[in-house]
Structure formats: structure tokens, C-alpha cells
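Visitor: Please see the structure below; I have some questions.
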């Protein structure tokens with residue numbers, strides 16, 4: 001059995017706004033990576049950068065305004081993990097759910113999973129703050 005986690009937040013925005021803030025390179029760089037090589041498209045590999053750190057994001061599936069699925073090499077391990085971002089309408093707001101799985105249950109896998117878990121919570125808070133208030137928490 002592999003390690004997995006799930007985080008969620010409700011953001012005061014439409015499903016379309018939330019979805020486009022993730023899949024469009026010009027939007028996601030406002031609150032998550034510092035650079036993105038392109039928009040997310042099913043079957044496409046894009047690169048995200050945070051300063052000098054970078055990773056390939058292998059997009060496997062997009063369901064407009066509902067779901068984003070991709071694999072990428074997890075931090076501090078030599079294998080890919082799977083990430084699913086789901087969007088659900090909650091009245092006039094959007095619930096964003098991030099799930100990631102695939103770590104081995106060894107010391108490196110546990111360490112990587114803990115760091116990714118914290119990173120995804122940071123992603124959700126940065127996304128919420130950017131979309132609701134236009135503030136970049138990364139600075």
C-alpha cells in the first residue's frame with residue numbers, strides 16, 4: 001500500500017475561475033510555481049519552476065471545471081506520484097480538493113509525502129488568497 005493524502009478548501013469564486021487559475025500558465029504562476037512552460041492539456045508534459053527547482057508535470061486527464069490529473073516526480077524520491085485536483089460547486093463558491101498518492105512506505109517516501117502534503121496546503125491557501133484578494137503569499 002502506498003502513502004496518500006487529501007486537502008480541501010472553499011474559495012469564493014466560480015468553478016471556471018478556479019479551473020482556469022490552475023490550467024492556464026499565465027494564471028498559476030501568480031500563486032504557485034514561478035514559471036510554467038505552457039497550459040495544461042491532456043497528454044502534454046509541461047515544466048513548472050520554483051526559482052532554480054523544476055519538475056515535469058505529465059498531464060493525464062482534464063475534465064473542464066471538474067478535474068485535473070497529473071503525475072510528476074515527487075521531491076526527494078526517484079519516482080512519480082499521482083495528483084488529482086477536483087472542483088465542486090458549493091453554492092456560489094468552489095471547493096478545491098487535492099489528492100496525491102504513490103509514495104513508498106520507506107523513510108524517503110514518508111519524508112517526501114509530508115513535504116508534498118504541506119506544499120499542497122500552501123498551494124490551496126495561496127490560490128484562495130490570490131483569487132479572493134489578489135494577494136501573492138509567496139513574497
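Here, each number is a calculation from the coordinates, and none is a lab measurement. Remember, it's a predicted structure, so these values are computed and weren't measured experimentally. Don't worry about glycine lacking a Cβ; one is built from the backbone with ideal geometry, like all the others, and counts go over all protein chains shown.
Visitor: Could you tell me whether any residue of the stretch 63-82 is under 15 Å from the mean Cα position of the chain (by Cα) and on the phi > 0 side of the Ramachandran plot?
Guide: Yes, the stretch 63-82 has at least one match.
Visitor: Give the residue, chosen from 27, 65, that is more than 24 Å from residue 108 (Cα to Cα) and not in a helix (DSSP H, G or I).
Guide: Exactly one of 27, 65 is more than 24 Å from residue 108 (Cα to Cα) and not in a helix (DSSP H, G or I), namely 65.
Visitor: With the checklist (1) in contact (Cβ under 8 Å) with a residue 12 or more places away in the chain; (2) over 26 Å from residue 17 (Cα atoms) in hand, flag the one item residue 85 doesn't pass.
Guide: All conditions pass for residue 85, except number (2).
Visitor: Look at residue 29 and say whether it is under 12 Å from the mean Cα position of the chain (by Cα), more than 16 Å from residue 132 (Cβ to Cβ) and either loosely packed, with under 15 Cβ neighbours inside 10 Å or without any contact (Cβ under 8 Å) to a residue 40 or more places away in the chain (or both).
Guide: In short, yes.
Visitor: Filter the stretch 103-118 down to residues that are within 15 Å of the chain's Cα centre (by Cα) and in contact (Cβ under 8 Å) with a residue 12 or more places away in the chain and give me whichever is farthest from residue 31 (Cα to Cα).
Guide: Here the answer is 113.
Visitor: Only one of these is part of a loop (DSSP other than H, G, I, E, B), over 25 Å from residue 139 (Cβ atoms) and touching a strand residue (DSSP E or B) at 6+ places or on another chain (Cβ under 7 Å): 42, 113. Name it.
Guide: On inspection, the qualifying residue turns out to be 42.
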